[in-house]
Every structure is written in C-alpha cells, then in structure tokens.
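Student: First the structure, which I've put down as structure tokens, then a few questions once you've had a look.
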C-alpha cells in the first residue's frame, strides 16, 4: 500500500490551504476565521483517512469493495443507513424551514421518515435474500439480464447524478459560509476526499465514515436540543410560547402555512418522499453489507429510530433558533433588520444557518466549530455513499453483467469501479461549479421522484408479481424515468424559477411529478407485461416460483462473507 | 433448486408466506393511511391542525405530526419483533426439513 502515502501529503497540504483561504476573506467577510471548526474538520478528515487506509488493506475482493464483505452488523448498518439519509440538507434545511415557518418544517420531517416502514415491510429482507451487490441483482434475478441491468443502471445513475449535484452545490455554499473558503475550493475538496474514500476504501471505508458521522451528528443535535429545552425548564409549551411571541408570524407558526398551497402537489410530493426512499440506490446497496435477512431487517428498524429521533430534534432546534437566534443582534444582519424589522429575515447567511448560529448561542465558539465540522462531514459522507452507488452501477451492472455477460474478472471489475468513481468525482466537481448559482432544491425532489417512478416500481413488481416480464419492466421503468424528468422540467420550480418563463406559465402545476410518473410506470409495467406473449415472457413467469421461495426463506442466497 | 416443489408443499413454508405477507401488506396499508391522512389534513384542514391544546399555544397539530413519526417507528418495531420471534423459527424449520 505504498500508493497510499500520498494521502497524507494531501491531508497536510489541505491544512495551510484551509487556513490561508480562511484568512484571506476574513477582512471583508461577515464570517470570521472559524479556527475551532477548521481544527475539528481536519481531525475528522484525518480520522477518516486512517480508516480508509485500514479498509484499503482489507479490500481485496469485489465483495469487500461493494458490500464491505458482508461483515457489518445490523446495528452498525442501522447507523450507516441513518448516516446516508441524514444529509446536511435535512439537518440545516429542515431546521431552517422550522425557523422561518414553524410547523411546516415538521410536515417535511414526517415525509422524509415514512418511507422507512415500507422498506422494512416489503423490501429489506427480500432484497438481501435475492441480491448480492446492487438492487439490479434483484430485478434481473429472473428477467433478461441485459435489458434490466441497463434500465436499473439508468435509473440509478440519473438518481445519483441529481442527488450528487444538489449535495455538491449545497456543500460549496455551506463551506463558503462556515469556513470562509472560496466556493470552488470547497467543491474540489469535497470531490477529492470523496474519491479517496471510495477508490481506496470501498464500501468498508464508506460505511465507517457514515457511522462516525451519524454518531457525531446525533450527539451534536441531542446536545443542542437538550440545551434549548434546558433554557425553558424542559417545557415545550414555554419554548413554543416564547417562539410565537418573537416570530413575526406569531401564532401562525403553530399550524400548516404556505408550504402546501395545492393539495395535489402535497400528495405528489408525499408519494415521492415515501416511495423514493425505497428506490434510492445508495440506500438499497446498504442491505448487502449485512450477513443475512434478519440483520437487514434489524438495520432498518435501528435506522428508522435514529432518523425519527433526529427529525424530532431538528424541530426543537428550529424553535430554539427562533427564540435564541432571531432575538440576538450578534447573529443578525443590521442592514436587513433595519429594513424588514424581522429578526427571522435578517439572519446572517440565510435560514439554512439557523442551526449553526444556534450552536454558537448554546455552546459557544467551540461547539459552533463542532457543528460546522459535523455539517461538512455530513456532506462528505453522503456524497461518498452516492459515488459508490453510481460507480457500482457502472462496474457491476454495466461492465460486469452487460458488457462481460457476468464473466468479468473480479479485479477488472474493481478497477472499473475505481475509474468510474474518479470520473464521477471529476464530473461532480465540474457540475458543482457549473450549477453554483442555480436553484438546486428541485434536484433532490427530482432524485426522489425518479427513484419512486423507475427504481421502486420495477423492484417491487419484480419481487411480488409473478406476471412481470422483461418487456413490461423495461417499458414501464423507462416511462417512469422519462415522465419524471419531463414532469420536473415542466413544473413551476424549473419552468418559471430556473428557466425564467412567466409566472403561471408552467405546463404542469405540480411541483413534484411523482403522482403521474409513478402511476404511468405501474400502468406501463402492468399493461406491457400482460400483453407480452414472447418466449422470454414465459421464462420470466416460470422463474417466479424459485425466486419467491428464495426471497421468503433465503435458501440459496449469496452468503455475504464468501464469494 | 431441485427441492423447490418440496419446499412449496411444506406447510411451514405456506404458513410463513401467508403470515409474512399478510402482516407486511397490512402494516404498509396502515402506514399509507396514517401518512396520507396527515397530508390530507395539512392540505384540506390546516385550521384543524391549528386548534390549541388547552389554553396554551401548543396546537393539536404538534402531537399529531410527532405521532406520525413515532408510529412509523412503532410499526417497524412490530414487524421486526414478529419476524424475529416467529418467521425466523419457521425459516429454520424449512431449511432443516428440506436439506437435501
């Protein structure tokens, strides 16, 4: 592992870069050099690089690379899944949403959680019993390998791409604010570290980065929510009373507000969030890192607990920020405060900074540094998970199964996935810079809509419906994928806000297309399957019994530790 | 899998499939009803969620929203408990009986 020593060089090289860049903007910027944050961030990166080094020495086979050799326990995997799911967007975004609109933030939290029970009841165990490395292993179990793998790879890569761009842009903006770094340096740093974790350490390193990050994030958020409640004698009523007194919307923050204006939009977004979770490739991949179906099922249970607990904390944190941040001149922009007379609107750095300022308010500079470093670590961990899922889809599904027809040399396949990771990393950096000034919030919604309209229907139908045929899955899956993308482009968020057409001119009034794109996918899968009289279709249906027995009992399932 | 037909005839297997799928789909349906019930309240009856609890400012919407989160966790727990205590036992029996 001589190659590895250059990692330390990179690490050492980033320290002065961080310090210099931070110092350079100090004069003109609102954000002072955040030394404790930089120190803790460097500490986190050093720790994760040591883990990557350790993991790299133990990553020899494809099973090590894609699924950490199946040696992760249910509890560890629960933390890792929670780590993959609790992005900086959900921590800073939801607490920021609670800060500006109160109750509306809770509606989002609920939506991001309710997909998990569905994953437990219908997907987790079956996935573990049928698959090996990617969810396409499951959908192609009895269906035509080539077509299904291509479909799954398209669904995965498009989902990963949109999610990744949104994370990169968010990362750049956030780090600019937190550390005082230039936007492009931040994006390059995130992309570079992500490439190191994934190419050297594979799933093992990625998993441990997720676990550490999840523990840090959960403990930081617990401390913050605890400190807020402590100030109000552990009485939520006292906290809410104070918040309604200082917030310009007064009592309106205690009920649903402007977030949901159109009921159909609300239902459509709800569908995307609920079923998108069960179609996210980087999440589905996590079920192959555990030993068996029982561990897979336990891991979702732990993950649901951690994620639910975390969202309840963000709600308290958002209200804490209303009472402690919007009333403290230190966190407010004087000029905006002068103009709007609202502490909420005047928050320095925008509403996404609510949780960060609250950290300063309750825990001082050192804790501010801790939370800033955790927010950065969060982005790193999430992009690593995404990159690994995208790379696996290219190397395992496209290269290994489609191009090499399942006869790929294992070492070649690993090499392809490392190259794919590097390409994805460079692409993510370039797109992150290109999209700097775009509104990217819709991209996460789009990623969920595609996962819900392409990956999820094909996956769930292949597991449960005997009548599914290759043709039906391919046509229905692509219908879902294409209609989701088209639906987003024609939605108000993109048509009016991003593309700049007149207000009210969007051809589709739904902000999220899942309602019709999911329906189209399921209808297409059903119709083209029942109309399918081909020889292949007969084979597809005949294979169902064997698949079903294995999905239920695990008999014949790939044992995770040996391949 | 040469003993496929044998497993399918196994009463333990039939019991496993029947119990697992009825519980899985039933809990999924409950989750759907709870969540979309909540979303429909948000969309069509926001004022209902804004009714204060007692004389304070805490509204009825807060416990309702939080209980959707807690219920999601509880339902998952019910499934996992059931699966750990009975499905795994059945699966072990099926594996034992059909070892060829």
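Student: What spacing in nm lies between the two simple spin-label points modelled at residue A:57 and residue A:337, each 7 Å away from Cα in the Cβ direction?
Tutor: Using points 7 Å along Cα→Cβ, the separation is 5.4 nm.
Student: Label 7 Å along Cα→Cβ of residue A:231; the stretch A:82-102 residues with amide nitrogen under 20 Å?
Tutor: Label zone hits: A:91-102.
Student: Pairing the Cα long axis of helix A:35-57 with the longest principal axis of chain A, what angle in degrees results, from 0 to 90 and rounded to the nearest 10?
Tutor: 20 degrees
Student: Separate question: When the Cα centres of the stretch A:503-563 and the stretch A:172-189 are compared, how far apart do they sit, in Å?
Tutor: Their Cα centres are 41 Å away from one another.
Student: Given the Cα-Cα distance of residue A:328 and residue A:519 and 0.36 nm per residue of separation, how much length would full extension add, in nm?
Tutor: The residue A:328-residue A:519 span can extend by a further 63.9 nm.
Student: From the C-alpha gyration tensor of the protein assembly as shown, pull out the three semi-axes of the equivalent ellipsoid (sqrt of 5λ each), sorted largest to smallest, in whole Å. Each step should come with its number before you reach the end.
Tutor: Values: eigenvalues 319, 175, 110 Å².
Rounded to whole Å, the semi-axes are 40, 30, 23.
Student: Remind me, relative contact order of the stretch A:474-516 in percent, using alpha carbon pairs under 8 angstrom and six or more residues apart?
Tutor: Values: 39 pairs, mean separation 16.6, N = 43.
After rounding, I find 39 percent.
Student: Let me have the 222 nm mean residue ellipticity of chain B computed from DSSP H runs of 4+ only, each contributing -39500 (n - 2.57), with the sum over all residues rounded to the nearest 500.
Tutor: -25000 deg cm²/dmol
Student: Binning every alpha carbon pair distance of the stretch A:424-491 at 5 Å from zero, what are the percents per bin?
Tutor: 3, 15, 19, 17, 16, 13, 8, 5, 2, 0
Student: Rounding to the nearest 10 and keeping the result within 0 to 90°, find how far the Cα-based axis of helix A:514-530 lies from the longest principal axis of chain A.
Tutor: 0 degrees
Student: Hey, rough spin-label estimate for residue A:501 and residue B:44, points 7 angstrom out along Cα→Cβ, what's it come to in nanometres?
Tutor: 3.1 nm
Student: Can you tell me the FRET efficiency between residue B:53 and residue A:246 if r is taken as the Cβ-Cβ distance and R0 is 25 Å, rounded to the nearest 0.05?
Tutor: Values: r = 21 Å, r/R0 = 0.83.
That pair, residue B:53 with residue A:246, gives E of 0.75.
Student: Now for a different question. Counting pairs of Cα atoms in the stretch A:171-250, how many percent are more than 16 Å apart?
Tutor: 71 percent
Student: When you count, for each residue, the other Cβ atoms within 10 Å and take the mean per peptide, how do A:206-216, A:527-537, B:56-66 rank with the highest first?
Tutor: Result, highest mean Cβ count within 10 Å first: A:206-216, B:56-66, A:527-537.
Student: Return the average number of partner chain Cβ atoms within 10 angstrom of each residue Cβ along peptide A:303-309.
Tutor: Mean number of neighbouring Cβ atoms from other chains: 4.
Student: On to the next question. Quick check: residue separation of residue A:466 and residue A:433 times 0.36 nm, minus the Cα distance between them. What number comes out in nm?
Tutor: Residue separation times 0.36 nm, minus the Cα-Cα distance, leaves 7.3 nm.
Student: Okay, next question. Listed highest first by mean packing, meaning other Cβ atoms within 10 Å per residue, what order do A:376-383, A:312-319 come in?
Tutor: Ranked by mean Cβ neighbours within 10 Å, highest first: A:376-383, A:312-319.
Student: What is the distance, in nm, between label points placed 7 Å from the Cα along the Cα-to-Cβ direction at residue A:426 and at residue A:215?
Tutor: The modelled label-to-label distance comes out at 3.7 nm.
Student: Measure nothing fancy, just the Cα-based angle from helix A:74-85's long axis to the longest principal axis of chain A, in degrees from 0 to 90, nearest 10.
Tutor: The angle comes out near 60 degrees.
A short reminder: the numbers here are calculations on the coordinates, not readings from a lab. Just so you know, these numbers come straight off a predicted model, no measurement behind them. All Cβ positions, glycine included, derive from the backbone under ideal geometry; neighbour counts span all protein chains shown.
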